[in-house]
Amino acid sequence: MRSGLGWHDRATGCRIAVSTPEGEPELWDEYLDGAVRSYRRHGVDWVLDADAIRDGHDTALFFAAVGPDGRVVGGTRVVGPLRSPEESHALVEWDGNIGLGPLREMIANRLPFGVAEVKGAWANSHDYGSRALTTVLARTALPTMTLLGVQFVMATAAAHVLEQWRSSGGVVASRVPAAAYPNDKYRTKIMWWDRSTLASHAEPEQFKLMCAENSEILCGVTAPGDETLAAIGVGDESQRRPRRCL
């Protein structure tokens, strides 16, 4: 049974559900299978290492966009909070590329404040257009910060993809050169979301929606008896946040 934690997006008609692999294993499998199909169309499904992550052991939570017909049409998974730079997959992506040292330092400097890493993002662009779902999923940065109690969220992707994520306040790390990953056809960059600067960098409408959706998440966090939240580890008093945006 699905916990109901999440929010409804009016623009796409999708519900953005947030859970853990353990809390909702069927939804997790639907998200992961969709990610494999999406990445396979580009010939890079191997980067997901789906067999290794299928058990969900390193996934703190995941977001799944569920369409009106009940199909999962997009999503992301989140790793963290990171305990060391070596837990970030970004170091694998920059191995052998210029900028590995500055990247490791960048992550290390943020660890005391809490860092989560977004991986496996995908969206059904055939039914929803090239930007609609990506715009929605970009707003998961703030709920991730809320649920995991971190100040920073990081993600790596091709530069043109990250351009679509800027709207939610993400900033591309300009001092880390692009990596040729997963192959020479791609120029992968790293993006950071900082909870203290989201309001400055996010598009106004996106920020407004992020705050409203985050408030809905907070209402779920403070609801009693939520088994999904217990699995995530945010159901205790120490992890609850005031009902405000930032």
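Bear in mind these aren't lab numbers, they're just calculated from the coordinates by the rules spelled out. The structure displayed is predicted, hence computed values, not measured ones. Don't worry about glycine lacking a Cβ; one is built from the backbone with ideal geometry, like all the others, and counts go over all protein chains shown.
If you place +1 on the Cβ of every Lys and Arg and -1 on the Cβ of every Asp and Glu, how big does the dipole about the Cα centre of region 6-233 come out, in debye to the nearest 20?
That gives a dipole near 840 debye.
Set Lys and Arg Cβ to +1 and Asp and Glu Cβ to -1, take the dipole of region 87-136 about its Cα centre, and tell me which of Leu103, Ala90, Asn124 lies farthest positive.
Value computed over the given set: Asn124.
Take every Cα pair under 8 Å in the chain that's 6+ residues apart, average their separations, divide by the length, and report that relative contact order as a whole percent.
RCO, the chain: 19 percent.
Could you tell me the relative contact order of region 1-69? Use alpha-carbon pairs under 8 Å, at least six residues apart, and round to a whole percent.
43 percent
State the label only: which of [x] 37, 19, 15; [y] 25, 21, 18; [z] 34, 18, 16 corresponds to semi-axes √(5λ) of the Cα gyration tensor in Å computed from the shown model?
Correct label, based on the coordinates given: [y].
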